[in-house]
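A.B. asks: Just passing along the structure, written as structure tokens.
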DNA sequence: TTATTTTATTAGGCAAGGCTAATTTATATA
DNA sequence: TATATAAATTAGCCTTGCCTAATAAAATAA
Ligand SMILES: [Mn+2]
Ligand SMILES: [Mn+2]
Ligand SMILES: [Mn+2]
Ligand SMILES: [Mn+2]
């Protein structure tokens, strides 16, 4: 009997992934409503599925007391995340898609089932540690590099930092970043914080000075300036977003 | 309105592909029963689906008179075939899967939807013309290189030829080929045909002499010896099967 | 050309994964 | 604490894609 005894449907995989992400990497209990919001479906549908996942021993779930992954569920969730992020790297590095296009395609590719596929892809890509959005890629055994990242709004005035990822992965945000010529690896200096509304004036290495909103600064993940510029824990060398 | 106005379900795509393959590249009318055999399901299920495909104007179908692709259906079928074969090349060339492993994974990958994906993959792979089984890959505009191939059993005694593909793609056949060290590009000389049962004695360039059954010889596609050894229309250089 | 066999179609159901509306539990508020 | 609100659950339906059994139509054989 292998670790993943019988394989999951796409829908089940999507539930496990969402439970993993919402429950901060699967540790915390979460509610049906939050799941339904993430999956853009109905709480009633969620409750249906939760029962199935309990039967398969992939989650713990007591009525009105929240949901959490079991060990077995966690392993599968990590595998899906691994596949998703590896495919994202492939799409960006090999097929030259841009930062904001890869996620949607990876949503489909992550559900392709084959016991060796993730590992072969991993090898082919040179064992990347981070995906194009700066998120760590779980290893075959389910470990994840931890990443030292803060949000831009917590960087002190006058300090430099380097972009390592985004919190919000919506394409509107990613496209805005593209417009500002900000990508993974971009060096940014936080010039000034405006107390009035939390806006932040930044200086972008390649471009010039710009002002961005608090919402923007809350969603841009950067290597904290105390660390040696983040280069070390980046698989990707600095590059533009296409 | 694009060529493919609303995208198909996996199941619909599989039906279109089967109708394409069984009806010799979509030209001939075929029966519900033959479709059900290919899809390993029930004729009644096939009739259900045929109605849906008629509604979507993807096939022509009159009760008890057989099924044929419309122009629209043909375009989609060719796209699925294109995706399938491109992914097979990727899996073999880049992820180092073997000849007999790629088909099953490509069955899943062919259903990943993204308008640019096939073309980007095509470019990344260097615009291959043939898939690992020697079948031609339709171009973005739906053209296919035609391939001059015969079955081994039609090669004349004493003539040399080169393997370009297989008719039967079952893994039992592919594994047998692997065992005999025969792959795309392998040079074979037909030494003798046994009249009794159609068995064929062949000499394999790399290995020695072997006898294979008529069934074997009927399923191995080779470039006919009159052609300049087939190298020209092969994207792949001769190689072993892993 | 009639009888038999094979193939195709229809009728009626089922499981998965959704939905809406109704109901029950929890939580928050007065 | 009693009440109002919000969240969770259940009940009852729907669509997709499949199935079996019954029926109709074609093809074949007598
Ligand atoms: Mn993603
Ligand atoms: Mn997904
Ligand atoms: Mn194939
Ligand atoms: Mn398929």
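Here, each number is a calculation from the coordinates, and none is a lab measurement. Predicted model only: the values in this text are computed from it and were never measured. Positions of Cβ are backbone-derived with ideal geometry, glycine not excepted, and every protein chain shown enters the neighbour counts.
A.B. asks: State, to one decimal in nm², a quarter of the convex hull surface area for the C-alpha atoms of the stretch A:82-164, i.e. the direction-averaged projected area.
C.D. replies: Details: hull surface 25.5 nm².
It is 6.4 nm².
A.B. asks: By what distance, in whole Å, do the Cα atoms of the stretch B:1-145 stretch along each of the three principal axes, largest value first?
C.D. replies: The Cα atoms of the stretch B:1-145 stretch 45, 36, 25 Å along their principal axes.
A.B. asks: Could you please state, rounded to a whole Å, how far the C-alpha centre of the stretch A:5-19 is from the C-alpha centre of the stretch B:116-136?
C.D. replies: Distance between centres, Cα-based: 31 Å.
A.B. asks: Let me ask another. What does the helix-only formula give at 222 nm for chain B: each DSSP H stretch with n ≥ 4 adding -39500 (n - 2.57), the total divided by the residues, and the result rounded to the nearest 500 deg cm²/dmol? Numbers along the way, then the final one.
C.D. replies: Numbers: 8 runs with 89 residues, N = 242.
It comes out at -11000 deg cm²/dmol, rounded to the nearest 500.
A.B. asks: Quick one: grab the alpha carbon gyration tensor of the stretch B:42-89, order the square roots of its eigenvalues as a ≥ b ≥ c, and give me rounded if a/c is under 1.5, else prolate or oblate depending on whether a/b is larger than b/c.
C.D. replies: Note, shape of the stretch B:42-89 comes out prolate.
A.B. asks: By the gyration tensor of its Cα atoms, with a ≥ b ≥ c the square roots of the eigenvalues, what is the shape of the stretch A:3-75: rounded for a/c under 1.5, prolate for a/b over b/c, or oblate?
C.D. replies: Rounded, because the longest to shortest axis ratio a/c is under 1.5.
A.B. asks: While we're here: Below 8 Å, C-alpha to C-alpha, sequence gap of six or more: please give me the relative contact order for the stretch A:1-145 in percent.
C.D. replies: 21 percent
A.B. asks: Another one. Over the C-alpha atoms of chain A, what are the Rg and the largest Cα-to-Cα span, Dmax, in Å?
C.D. replies: So, for chain A, Rg and Dmax equal 19.2, 60 Å respectively.
A.B. asks: Restricting the calculation to Cα positions, tell me the Rg (one decimal) and the Dmax (whole number) of the protein assembly as shown in Å.
C.D. replies: 27.1, 95
A.B. asks: Next question, about the same structure. How large is Rg/Rh for the stretch A:97-140, to two decimals, with Cα atoms and a Kirkwood Rh?
C.D. replies: Computed over Cα atoms, the ratio is 0.95.
A.B. asks: Just tell me how shielded B:106-117 is by partners: mean number of partner chain Cβ atoms within 10 Å of each residue's Cβ, no decimals.
C.D. replies: 4
A.B. asks: How many nanometers, to one decimal and shortest first, lie between the label point of residue B:42 and those of its other copies, if labels sit 7 Å from Cα toward Cβ?
C.D. replies: So the label point of residue B:42 gives 2.8 nm to the other copies.
A.B. asks: Can you list, largest first and rounded to whole Å, the semi-axes you get for the stretch A:150-233 by taking the square root of 5 times each eigenvalue of its Cα gyration tensor?
C.D. replies: Largest first, the stretch A:150-233 gives 17, 16, 12 Å.
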